Amino acid sequence: MSLFRQRLRTGTSSGTWAPASIHASRYHPEIDGLRALAIIAVVLFHARVPFMRAGFAGVDIFFAISGYLIIGMLAREYETKGRVDWPAFYVRRIRRLMPIFCVVILFALAASTAILFPFGEQQLADKSAFFAILLSSNVFFWHLKVGYFDPGIEQWPLLHTWSLSVEEQFYLSVPAVFLFVTRMKTKTQDRHNKLVFTFSALLLLSFGFAIWQTRASPSAAFYLLPSRVPEFSMGALAALFAGKPPGPKLRNPVSLLALATVVLSTLPYNYGGSLPLARVMISALATAALLWATSGPERTLAGRGLSLRPLRWIGERSYGWYMWHFPALALWRAYWLQDTSLASDLAVCSGALLLSHLTFLGIEQPARRSSIFLKWPPRRVFYASALALILMAAASGGLASYAKWVGRSQPDMRALETRMKDLGSNVEPCLIFGEPLNTDIPQECRSSAGRHETDIYVWGDSHASHLMPAFAGAASDFSAELMQATKAGCPPLYDYLSARQSERGRSGCKAFNAAMITHMIDSARHRRTAVVMAANWGGHIQQPSLNAEARVAMAMPQDITRAEAERRVKSTLIRTIANLTSNGVRVVLLAPVPEQRVDVPKCLFRFGEAVCRTLRSEAEKTRGGTIALLRDAAAQTGAHLVDPLDALCDADWCPGLMDGNALYFDSNHLSTFGARRLTSTFHAALSQALH
């Protein structure tokens, strides 16, 4: 016997709560029904079904179920035998999880190589596969500093493995918990009470840590195990109290209330763009309460509902459906550059369910029940698993290297990459992406004709910086110094704080804008000063859009309504312009450029010029609310409003390609060539404002 297993031995007491062991040893169909609710919520959330915008709570339900089943199983063994057979435990986990995991990883690697572009996309897919194989994809995504709700990352086919890595890390940490229990010095040797005390303490400590981490590092709180421990602990405590459910009169009310809370936790609500801690804990607590209330020998109304055959059927295939649906959906969207319909996304998810059924019958069941595999000793299972993981890790690393050094070196890919990197002035230090080191405008972000009589500021977010090539001759034409004052995601509004930014991002944006206003007002005291204000106005007021990425953002839970967002932006814009004009600054207000449905360089590469354009009538319709807001603001403040639509569109179309050159470097930012199309338009506006 190994030293570790020997240390897990305790006294001869077998515990006093035999009903918990009885409960844990028999099949409870309502658990599969609960799994079905969780997976349906997750799938509908990923399919962007409007009324399931909080369906990601299904993952929290899964975590609570895992804590309930795993700790219940281990507690039964520990209470009856005084020890846990850890090799047997991990063999069961391997047989349960690894076969489908390997198949899906290989599918994602192969399909990503065929569909994704060999730039960041394919390399990220291959790297995420590598870290998923190492049971740490959650750490990988956290390290990349990407939010789970950020538009664009839905095209990462293995993003969903973050939750699987969290579960696997939980499985690996469980022995340490049981080792702590065995070494606990108490007056009683009752094993059950020790477990209850340990998981109660773990719940309280981890919950306190989760509160702190949610504020200190929202991304870490979402992806990493420590903030998810409370969910597992709630499930564990439900398992430890499973032998003593509510009394007969309370079982139905408690279970029905818990079931209703589980369902309601997946419905839309306002969130802060990070781990919604209160909702997470409510989901896990309701799941644990439901499992506890239905744990007795008598069936409850909630248990009967969850035991319906369709729900059980889906629940049995929930793991496979979870593993298959996300890469299928992500790669489907990646091929069509995110421009997919709800109907097509739901069809892909339905196909993934069929695929999960086939792999359930052909892979999952044989791996768990085949006499051949059941006869394998643990050592053989571990060796075979390690070999499979090593081979997959080598494949993912090799494909990432291929994408980086070979795939992107092909002539057509080099041409595509050149178009994608035609960023103009959308680069640091003139477009600030992080927190500004100071509030001055760097010298390289100023262009001057020498002695000058005028200062011209281009102020706003990336939708201001992409216009800089259009102002290239402004310095000499107007005997002016042209200055770029732009910060990504930060509209040129003095006291407007985007609800979708982090607290740090909001404070940085406010400080940056305050500093730029001070610059301009101080400049106006000495010479003529004009400011060109531009931003992604439609995005800030939640204007519906033809653009696929904007539609993804709109499909996410919103902190405020569209009407409230429009009211905030309009009132703040009017106050900002009034403050500037009252201090002598001339203001030119720019309407946004017409957005394309998808990334233009990629669209031109994949589908051709005829597809990569937008009807002018559609562009005018989707921009209607934004133009009306800007027109009202200009009318009330005397600012000069300029609309670039006529310079970028003909009578029928707003093209993505003109004279063999891409007008955009993505779906909504102009390339250098595209920006220069606006030179005469902007010069006329500046001339009018300055004279």
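The values are calculated or read from the model by the stated rules, or taken from the named source; none is laboratory data. Computed from a prediction, not measured in an experiment: that's the story for all the values here. Cβ atoms come from the backbone with ideal geometry, glycine included; neighbour counts cover every protein chain shown. Quick note on the areas: whole protein, heavy atoms, side chains included, nothing else; ligands and nucleic acids left out. Shrake-Rupley method; radii C 1.70, N 1.55, O 1.52, S 1.80 Å.
Do you know which of the residues in the stretch 443-462 that are assigned to a loop (DSSP other than H, G, I, E, B) and not charged (D, E, K, R) is modelled with the highest pLDDT? In this case the residue turns out to be 452.
Annotation note: of 522, 440, the sole residue that is at pLDDT 85 or above and farther than 21 Å from residue 591 by Cα is 522. Please determine whether any residue of the stretch 261-269 is under 25 Å from the mean Cα position of the chain (by Cα), free of Cβ contacts under 8 Å to residues at least 40 places away in the same chain and open to solvent by less than 30 Å² (accessible area, probe 1.4 Å). Scanning the stretch 261-269 turns up no residue that is under 25 Å from the mean Cα position of the chain (by Cα), free of Cβ contacts under 8 Å to residues at least 40 places away in the same chain and open to solvent by less than 30 Å² (accessible area, probe 1.4 Å). When you go through (1) in contact with a Pro (Cβ under 7 Å, 6 or more places away or on another chain); (2) farther than 29 Å from residue 582 by Cα one by one for residue 668, which number turns out not to apply? So the condition that residue 668 fails would be (1).
At pLDDT 90 or above, more than 30 Å from residue 220 (Cβ to Cβ), under 29 Å from the mean Cα position of the chain (by Cα) and surrounded by 18 or more Cβ atoms within 10 Å (Cβ to Cβ): is that true of residue 287 in this structure? Lay out the reasoning, then the answer.
Numbers: at pLDDT 90 or above: yes; more than 30 Å from residue 220 (Cβ to Cβ): no; under 29 Å from the mean Cα position of the chain (by Cα): yes; surrounded by 18 or more Cβ atoms within 10 Å (Cβ to Cβ): yes.
No: the conditions fail for residue 287.
Annotation note: of 358, 342, 389, the sole residue that is open to solvent by 40 Å² or more (accessible area, probe 1.4 Å) and either at pLDDT 95 or above or touching a Phe, Trp or Tyr at 6+ places or on another chain (Cβ under 8 Å) (or both) is 358. Quick check: anything in the stretch 128-137 within 24 Å of residue 39 (Cβ to Cβ), aliphatic (A, V, I, L, M) and open to solvent by 30 Å² or more (accessible area, probe 1.4 Å)? Looking for residues that are within 24 Å of residue 39 (Cβ to Cβ), aliphatic (A, V, I, L, M) and open to solvent by 30 Å² or more (accessible area, probe 1.4 Å), one finds at least one in the stretch 128-137, hence yes. Of the numbered conditions (1) open to solvent by less than 20 Å² (accessible area, probe 1.4 Å); (2) more than 30 Å from residue 86 (Cβ to Cβ), residue 120 fails exactly one; give the number of that condition. It fails just one condition, (1). Applying a threshold of 7 Å to beta carbon distances and a minimum spacing of six or more residues, or different chains, the list of pairs starting in the stretch 205-233 at a residue that is under 18 Å from residue 195 (Cα atoms) and ending at one that is of a type in the set (D, E, K, R) and open to solvent by less than 10 Å² (accessible area, probe 1.4 Å) reads 231/60.
Results for (1) surrounded by fewer than 19 Cβ atoms within 10 Å (Cβ to Cβ); (2) free of Cβ contacts under 8 Å to residues at least 24 places away in the same chain; (3) not in a loop (DSSP other than H, G, I, E, B), shown as yes or no for each residue.
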{"residue": "629", "(1), (2), (3)": "no, no, yes"}
{"residue": "633", "(1), (2), (3)": "no, no, yes"}
{"residue": "636", "(1), (2), (3)": "yes, no, yes"}
{"residue": "651", "(1), (2), (3)": "yes, no, no"}
{"residue": "667", "(1), (2), (3)": "no, no, no"}
{"residue": "673", "(1), (2), (3)": "no, no, yes"}
{"residue": "681", "(1), (2), (3)": "yes, no, yes"}
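A residue that is surrounded by 24 or more Cβ atoms within 10 Å (Cβ to Cβ), more than 26 Å from residue 244 (Cβ to Cβ) and among the aliphatic types (A, V, I, L, M) cannot be found anywhere in the stretch 298-319. Note on the stretch 463-485: among residues that are free of Cβ contacts under 8 Å to residues at least 40 places away in the same chain, not aliphatic (A, V, I, L, M) and not in a loop (DSSP other than H, G, I, E, B), the one that is farthest from residue 676 (Cα to Cα) is 481.
For residue 150, are the conditions met, namely being among the acidic types (Asp, Glu), more than 30 Å from residue 316 (Cβ to Cβ) and open to solvent by 20 Å² or more (accessible area, probe 1.4 Å)? It would help to see each step written out before you state the result.
On the way: among the acidic types (Asp, Glu): yes; more than 30 Å from residue 316 (Cβ to Cβ): yes; open to solvent by 20 Å² or more (accessible area, probe 1.4 Å): yes.
Taking the combined requirement at face value, the residue satisfies it.
Just one of (1) over 23 Å from residue 634 (Cα atoms); (2) at pLDDT 85 or above fails for residue 508. It is (2). Those helices (runs of 4 or more DSSP H) of the stretch 515-625 in which at least 2 residues are over 28 Å from the mean Cα position of the chain (by Cα), considering only elements entirely within it, cover 562-582, 616-622. Residues that are surrounded by fewer than 22 Cβ atoms within 10 Å (Cβ to Cβ) and either modelled with pLDDT of 95 or more or over 27 Å from the mean Cα position of the chain (by Cα) (or both) within the stretch 45-75 comprise 66, 69, 70, 73, listed in sequence order. Taking the criterion of being hydroxyl-bearing (Ser, Thr, Tyr) and either touching a helix residue (DSSP H, G or I) at 6+ places or on another chain (Cβ under 8 Å) or buried (at least 16 other Cβ atoms within 10 Å of the Cβ) (or both), the residues of the stretch 396-415 that qualify are 396, 402.
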